[in-house]
Each structure stands twice: as structure tokens, then as C-alpha cells.
Amino acid sequence: MLHLVLTCLLLSIASGLSMRRFLLPYFPGGDLAETSAPVTVVASAVFLATLAFTVSDQDLWAKSAILTLGLFLAATFDDRRPRLTIALSAISLAAYLSLRSIS
């Protein structure tokens, strides 16, 4: 049970922290340099990988919990320090992948 809760928490952190930066190029008003920055590219890769692992590896209730908590984190955290938030997101995804390879 702890393994399931920990994987849900790691996936929701990874998706929530990278979601805002992933959606940045799709909304008007963004600076061209900001939307094509390497941080945005990494955030897109982390978000899409997290979304793929959420859909393929989790049960129905876990998918809804991960997406709900991810949306809450995306709405809560701002994007003042994008490198820090994306680094935390990538670390969370790496921790999930290490837990996934163990079990």
C-alpha cells in the first residue's frame, strides 16, 4: 500500500510541477524566448512521460488521484523559478522510475 501511495505522490508531483511550463507555448502572450527555452522543452518531456506512465501503469482511482493532485499543484505553484520547479519535477520522475524498476 505504501508503494502505491508513494508512486501516486511522485507522479502527481512530477506532473503538477511541469504542467504549467508545458502549457506555456499554447497560450497567447508568452514571450518567444520563454516558450522555446530549454526549461520548457524539459518540462514538456517530463510532463508527457509522466502522463504516459500515469495512463499505462496505474488503476482508475490512482489515475484520477494523480491528475487531481497534479492540477492542484499546477494551480498552487507559480513559475517564478522555472529551473528549480522543473528540476524537482525531473527528480520526482526519476524517483518514480527507480521505484518502478525495483518492483
Per GNM of the chain with C-alpha springs under 10 angstrom, the most fluctuating residue out of ALA52, ALA43, ALA65 is ALA52
Relative contact order of the chain (C-alpha contacts under 8 Å, at least 6 apart) in percent is 48
The chain -> Rg/Rh from Cα coords, Kirkwood Rh, value 0.99
Filtering trypsin sites (Lys or Arg not before Pro) in the range 40-103 by DSSP loop and by at most 11 other Cβ atoms within 10 Å leaves ARG80
So the angle from the long Cα axis of helix 38-57 to the longest Cα principal axis of the chain, reported in degrees to the nearest 10, equals 30
About its Cα centre, the chain carries a charge dipole, from +1 on Lys and Arg Cβ atoms and -1 on Asp and Glu Cβ atoms, whose size in debye to the nearest 20 is 140
The chain, Gaussian network, Cα under 10 Å: of LEU51, LEU88, LEU60, the residue fluctuating most is LEU60
For the chain, longest principal axis from Cα atoms; helix 2-23 axis from its Cα atoms; angle between them, nearest 10 degrees, is 10
In this structure, the FRET efficiency calculated for ILE91 and SER64 from their beta-carbon separation, with R0 = 30 Å, to the nearest 0.05, is 0.80
Taking Cα atoms, the helix 82-102 axis meets the longest principal axis of the chain at an angle in degrees (rounded to 10) of 20
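Every number here is computed from the coordinates shown, using simple stated rules; none is lab data. Worth saying up front: this structure is predicted, and the values here are computed from it rather than measured. Note that each Cβ is placed from the backbone with ideal geometry, even for glycine, and that neighbours are counted across all protein chains shown.
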